[in-house]
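Undergrad: Mind looking over this structure? Questions follow.
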Amino acid sequence: MNTKLFSPFRLRDLDIPNRIMVSPMGQYSAVDGCVGDWHMMHLGNMAISGAGMLVIEATAINPVARLSHGDCGLWNDAQEAALAPILEFCRRVGGARIGMQLWHAGRKSSVTVAWERQQAIPPEAGGWTPLGADDRPYPRRNTPKAMDADDRQRILQDYVDATERANRLGIEFLELHCAHGYLLHNFLSPLTNNRTDEFGGSLENRMRFPLEVFAAIRRAWPEHKPMGARISSIDWASGGWTIEDSVAFTKALQALGCDYVTASSGGAVPEQAITVEPGYQVPFAERIRRETGICTAAVGLITEPRQAEDILQKGQADIIALGRRMLWDPRWPWHAASELGEEFFYPKQYERSHPSMQGGDFLAPARNK
Ligand SMILES: Cc1cc2nc3c(=O)[nH]c(=O)nc-3n(C[C@H](O)[C@H](O)[C@H](O)COP(=O)(O)O)c2cc1C
């Protein structure tokens, strides 16, 4: 074992074979929140990719929590039953530890799927009224209802119910989606929260509901299983959420038992001014890690094995989350291992694809382990 990228680590009682995480990626292919054959292919493919961690896409905790009609959900028995055989398959064929991202899409919800360009679907056309921290709409989307005390109680319970279902399904770690302009980020960002009660105004007040959700899930989730959060480290907009806020939020999450934070960014408002370049969010993971000591996942335009290894070697992050690169090249971890001179898990059915076994010697020792 030479590289950090392929070094094992542990979160609570979970042994994780390496530092590569498949970033959660919505497939917009669920029906009534139920996963299907696309997910069998997609998650199966990612499970055998060699990545140490696979985070199932943002999974809605109730129907209104979905962004679109195609999103996964985990609020009923049919959705739980649909996931079970896919998870069983992934565990049988793959080596990744399987996590799930729990989600409420907040004020952005009720739109068409990604490849139909996320057009708003009004309630009278089969959509629904989104919920938000306040009642200001995301531009060109349905006007949200500002959440009241009943909404908060129901949502807390829905998060807990989904957590219990995830545990029954044998999900190994959970991730709370607090980023990208969805419900919990709506509360966090001053740009999307103009409340005057104890859930708006000061940073402490804006963090209150997201922290209540985290605490409720953590209580319902077994002590020995890890739980993380994805945050938007900054809003990239004047008057918005800052990296200092992210450090404060991470410290509060840590106190509640958070095991890792994925440092994403943006999504609150369309006028964000993002400078996108390779590894553009890595400095956020680095700063949060340095100032809190939490395990961080770096994400965003990390595409090259040596780039990933460098981030880990410099102590900027503990985990490398890959999104689009894994869709483009689902064998990225195999190729990275080959490039960096490492050996690791790949399925025996495919072992003859390894460059060391292309000489025609069928009896050559398997490099699989
Ligand atoms: C098709 C697609 C779906 C995504 N769905 C989610 C999601 O469900 N939850 C989430 O937190 N981020 C989601 N993202 C963001 C990715 O997880 C990742 O943070 C982003 O793509 C940047 O990383 P990359 O440059 O490696 O792709 C999605 C991205 C893509 C491309």
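The values are calculated or read from the model by the stated rules, or taken from the named source; none is laboratory data. The structure displayed is predicted, hence computed values, not measured ones. All Cβ positions, glycine included, derive from the backbone under ideal geometry; neighbour counts span all protein chains shown. The area values use the complete protein model at the heavy-atom level, side chains included, leaving out ligands, DNA and RNA. Shrake-Rupley method; radii C 1.70, N 1.55, O 1.52, S 1.80 Å.
Undergrad: Accessible area of Lys348, 1.4 Å probe, to the nearest 10 Å²?
TA: Around 150 Å² of this residue is reachable by solvent.
Undergrad: Using the basic label-point model (7 angstrom from Cα toward the beta carbon), what is the Leu301 to Glu164 distance in nanometres?
TA: Distance between the two pseudo-spin positions: 4.5 nm.
Undergrad: Contact order normalised by length for the chain, with contacts defined as Cα pairs under 8 Å and 6 or more residues apart; what percent is it?
TA: Worked out over the chain, it gives 16 percent.
Undergrad: Cross-link candidates for Lys251: which lysines have Cα within less than 26 Å, leaving aside residues fewer than 8 places away along the same chain?
TA: Lys4, Lys225, Lys314
Undergrad: Using θ = phi - 60° and the Karplus relation 6.51 cos²θ - 1.76 cosθ + 1.60, list the HN-Hα couplings for segment 229-246 in order, rounded to whole Hz, with x at every Gly or Pro.
TA: The phi angles translate into 8, 9, 10, 8, 4, 9, 8, 6, 8, 4, x, x, 5, 10, 5, 5, 4, 5 Hz.
Undergrad: Enter the angle in degrees (range 0 to 90, nearest 10) between the Cα long axis of helix 203-220 and the first principal axis of the Cα atoms of the chain, meaning the one along which they spread out most.
TA: Roughly 50 degrees between the two axes.
Undergrad: Let me ask another. Please report, largest first and rounded to whole Å, the three semi-axes of the ellipsoid equivalent to segment 244-333, where each semi-axis is the square root of five times an eigenvalue of the C-alpha gyration tensor.
TA: 22, 17, 12
Undergrad: Would you calculate, for the chain, the mean residue ellipticity at 222 nm contributed by helices, counting each DSSP H stretch of 4 or more residues as -39,500 (n - 2.57) and dividing by all residues, to the nearest 500? Could the numbers behind the result be given before it?
TA: Values: 10 runs with 119 residues, N = 369.
-10000 deg cm²/dmol, from helical runs alone.
Undergrad: Next question, about the same structure. Treating the angle as unsigned and between 0 and 90°, give the value, to the nearest 10°, between the Cα long axis of helix 282-292 and the longest Cα principal axis of the chain.
TA: 80
Undergrad: Just to confirm, what accessible area per residue do you get for the chain at 1.4 Å probe, in whole Å²?
TA: Computed with neighbouring chains in place, this is 40 Å² per residue.
Undergrad: Given the C-alpha centroids of segment 118-186 and segment 318-349, what is the distance between them in whole angstrom?
TA: Segment 118-186 and segment 318-349 have Cα centres spaced 33 Å from each other.
Undergrad: OK, next. So, in Å, what gap is there between the alpha-carbon centers of segment 189-249 and segment 24-70?
TA: 24
Undergrad: Give, in nm to one decimal, the length gained when the segment between Met41 and Lys314 is fully stretched (0.36 nm per residue of separation minus the Cα-Cα distance).
TA: Gain on stretching Met41 to Lys314: 94.7 nm.
Undergrad: Roughly how many percent of the accessible protein surface of segment 107-171 is carbon and sulfur, given a 1.4 Å probe and a whole-percent answer?
TA: C and S fraction of accessible area: 47 percent.
Undergrad: Cα atoms only: what Rg and Dmax, in Å, come out for segment 9-357?
TA: In order Rg, Dmax, the Cα atoms of segment 9-357 give 19.3, 66 Å.
Undergrad: Provide the per-residue ³J(HN,Hα) series for segment 163-170, in order, calculated from phi with Karplus coefficients 6.51, -1.76, 1.60 and θ = phi - 60°, each as a whole number of Hz, with x at glycine and proline positions.
TA: 4, 5, 5, 4, 5, 4, 7, x
Undergrad: Now, a different point. Tally the DSSP beta bridges in segment 9-357 and give the antiparallel ones as a percent, rounded to 5. Display every interim value, and only then the final one.
TA: Numbers: 5 of 42 bridges.
Restricted to segment 9-357, the bridges split so that about 10 percent are antiparallel.
Undergrad: Same structure again: By per-residue mean of other Cβ atoms within 10 Å, what is the highest-first order of 43-56, 292-305?
TA: 43-56, 292-305
Undergrad: Give the carbon-plus-sulfur fraction of the accessible surface of segment 252-296 in %, rounded to a whole number; probe 1.4 Å, heavy atoms of protein chains only.
TA: Heavy-atom surface of segment 252-296 belonging to carbon and sulfur, 1.4 Å probe: 47 percent.
Undergrad: A follow-up question, please. For the Cα atoms of the chain, what angle does the longest principal axis make with the long axis of helix 77-93, in degrees from 0 to 90, nearest 10?
TA: It works out to around 20 degrees.
Undergrad: While we're on this one: Sort 175-185, 31-41, 248-258 by the packing proxy (mean of other Cβ within 10 Å over each peptide's residues), most packed first.
TA: The densest-packed peptide leads the list: 175-185, 248-258, 31-41.
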